[in-house]
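See structure below.
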Amino acid sequence: MAGRPPHRSADAPHEVIAAARDNAAWCDLMCRAHGRPGTFAGVAWTNPVRTPPFYPDAVTLSPLATATDVLPHIDAGSGASVKDSFATLDLPGFEVLFEAHWIHRPAPGPAETTWQVVEDAATLAAWASACDLTALFTPALLEEPGATIVYARTGDTITEGAVLTATGPVVGVSNVFGPSSAWEGVTAMAAHLFPGRPLAGYEIDPSDALTHGFITTGPLRVWHRP
């Protein structure tokens, strides 16, 4: 897919800027847990070595970021990926892997919930198995501040889960799995753990999130180099 002409403006919704920064912090946390920390600069987070599967090698933090702010700071060879948080980049040699929508929800009010926090390696292993991410979510994540892994059970089996990241003014919501009603549990758990904090994240198909109080706030793209 050919690169699209970028539209650049210093303006971007503050909800998108906060969501992008939180998402970059989550990517960095995951990389640290795998011994591969990245670097934050003014307009992008980048990692000089290849990141774990499903995680980008760079995340833009400003709509003014360009290819020269990103590509010299990553391994830009085959397999590289860049999260274009504002859908403004033009990356020669890259293709758009997917497009998605940032989502935002005002701080949810208190609600009863049966969700719990993952606190030990055995529960984390069960959580990771439930969403087919066993090799990615390792016990080292439990030692990293900033992310809380949450879940619900049906009987003795974990059937719903998510990751909540509280690294700035918003609480990031990612890795949501389970039926569409999982979003109700996610918002209730976020209200319990982080009262008064708005929620943010991104989804390729945000329809389930939209039925639970979220709105879309802007587009993003993930680029990949074949």
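The values are calculated or read from the model by the stated rules, or taken from the named source; none is laboratory data. Please read these numbers as outputs of a predicted model, since none were measured by experiment. Every residue, glycine among them, receives a Cβ derived from its backbone with ideal geometry; neighbour counts consider all protein chains shown. The accessibility values were calculated without ligands, DNA or RNA, using every heavy atom of the protein model including side chains. Shrake-Rupley method; radii C 1.70, N 1.55, O 1.52, S 1.80 Å.
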Point to revise | Computed Kirkwood radius, in angstrom, where 1/r is averaged over Cα pairs of the stretch 16-141 | key: 16.2 Å
Point to revise | Segment ALA111-ALA125, length gained on full extension (0.36 nm per residue, minus Cα span) | key: 2.3 nm
Check your understanding: In degrees from 0 to 90, rounded to the nearest 10, what is the angle of the helix 14-33 Cα long axis to the longest principal axis of the chain?
Key -> 80 degrees
**Study point:** Residue-averaged [θ]222 nm for the chain, counting only DSSP H segments that reach four residues, each worth -39500 (n - 2.57)
**Key:** -6500 deg cm²/dmol
**Study point:** the chain: angle of helix 121-130 to the longest principal axis, Cα-based, in degrees nearest 10
**Key:** 70 degrees
Check your understanding: Within the accessible area of the chain, what % is carbon and sulfur when the probe is 1.4 Å and the other protein chains stay in place?
Key -> 55 percent
Exercise for review: Quick one: net charge around VAL173, please, counting Lys, Arg +1 and Asp, Glu -1 for every other residue with C-beta under 10 Å from its C-beta.
Suggested key: -1
Revision key, fill the gap. Under 5 Å from the placed amide H of VAL171, counting only residues 5+ away or on other chains, we find LEU199, ALA200
Exercise for review: Whole number in Å², please: accessible area per residue of the stretch 54-124, 1.4 Å probe, ligands, DNA and RNA not counted.
Suggested key: 43 Å²
Review point. Restricting the count to DSSP beta bridges whose residues both fall in the chain, what percent are antiparallel, rounded to a multiple of 5?
Key: 90 percent
Point to revise | Per-q log10 I(q)/I(0), the chain, q = 0.08, 0.12, 0.18 Å⁻¹ (Debye; single scatterer per alpha-carbon; no solvent) | key: -0.28, -0.63, -1.37
Revision key, fill the gap. Over the stretch 179-218, with neighbouring protein chains present, the accessible area per residue in Å² at probe 1.4 Å is 45 Å²
Check your understanding: Across all directions of projection, what mean area in square nanometres is found for the Cα convex hull of the stretch 64-133?
Key -> 8.6 nm²
**Study point:** Solvent-accessible surface (1.4 angstrom probe) belonging to VAL176, in square angstrom, nearest 10
**Key:** 40 Å²
Revision key, fill the gap. Between PHE40 and ILE215, the two model label points (7 Å from Cα along the beta-carbon direction) sit apart by a distance in nm of 2.7 nm
